[in-house]
1. Of everything in the range 8-47, what is surrounded by 18 or more Cβ atoms within 10 Å (Cβ to Cβ), among the small types (Gly, Ala, Ser) and within 15 Å of the chain's Cα centre (by Cα)? Give them in sequence order.
2. Looking at 118, 164, which one is in contact (Cβ under 8 Å) with a residue 12 or more places away in the chain, crowded, with 18+ Cβ neighbours inside 10 Å and closer than 22 Å to residue 45 by Cβ?
3. Name the single residue that is nearest to residue 16 (Cα to Cα) among those in the range 45-67 being among the β-branched types (Val, Ile, Thr), touching a residue at least 12 places away in the same chain (Cβ under 8 Å) and in a helix (DSSP H, G or I).
4. Looking at the structure I just gave you, is residue 53 over 14 Å from residue 128 (Cβ atoms) and assigned by TED's automatic domain parsing to the domain that holds residue 9?
5. Taking the range 1-37 as the region of interest, how many residues are within 24 Å of residue 84 (Cβ to Cβ) and either of a type outside the set (Gly, Ala, Ser) or touching a helix residue (DSSP H, G or I) at 6+ places or on another chain (Cβ under 9 Å) (or both)?
6. If a residue counts only when it is closer than 27 Å to residue 34 by Cβ and among the polar types (S, T, N, Q), which helices (runs of 4 or more DSSP H) contained entirely in the range 68-183 have at least 3 such residues?
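The values are calculated or read from the model by the stated rules, or taken from the named source; none is laboratory data. Since this is a predicted model, take the numbers as computed values, not measurements. Positions of Cβ are backbone-derived with ideal geometry, glycine not excepted, and every protein chain shown enters the neighbour counts.
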Amino acid sequence: MNLANKITLIRVLLIPIFVIILFCNLSSSHYIATFIFIIASITDGLDGYIARSRNQITTLGKFIDPLADKLLISTALISLVELGKIPAWIVIIIIGREFTITGFRTIAASANITVAASPLGKLKTITQIIAIISLLLDNYPFNLISFPFDVIMLYISLGFTIISGIDYIYMNRAVLQTDDRRG
């Protein structure tokens, strides 16, 4: 197993640690959980950079990296619903988009079509991470000036989630037009 895949696995292992710490009743648990979330989020870019720079892109990496990303973001969002910090409908839309794109990629793979990630998808991920961090920190330091940065970022990330999902399917719509006559 190469270094990039090991870093991805570390991200997966950080997810339950994040949840356990987030929900324990310590005075600083939200800050520690946020720190763990930040470290896990950094590994998202780091593993891809290492894999590309060392030309070590593997089948395992292609499978586990997007899965780890979805698990991390989904876990954080569901936890924020449980904490009463965000409405469930937003999380349903975000997770629904992820299921849709995963299904779309599965169809593409079955037709031997590779679909690349888009810049909008990267913006979606970045804005989701920023929104989650600001929500975990109770909007600090923006709460000191009564500026709802966390809520604004949540809606911006929701917008990028929807737009990037539509763009992804539209740009790769040929996948849906393939004719499968095997069955």
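1. 40, 41
2. On the way: 118 fails: crowded, with 18+ Cβ neighbours inside 10 Å.
Exactly one residue qualifies, and that residue is 164.
3. Step by step, filter the range 45-67, then rank; the result is 64.
4. yes
5. Residues of the range 1-37 that are within 24 Å of residue 84 (Cβ to Cβ), as a first pass: 14-37.
In the following step, the residues that additionally are either of a type outside the set (Gly, Ala, Ser) or touching a helix residue (DSSP H, G or I) at 6+ places or on another chain (Cβ under 9 Å) (or both) were identified as 14-26, 29-37.
The qualifying residues number 22.
6. On the way: elements: 88-110, 119-136, 149-171.
Here the list reads 119-136, 149-171.
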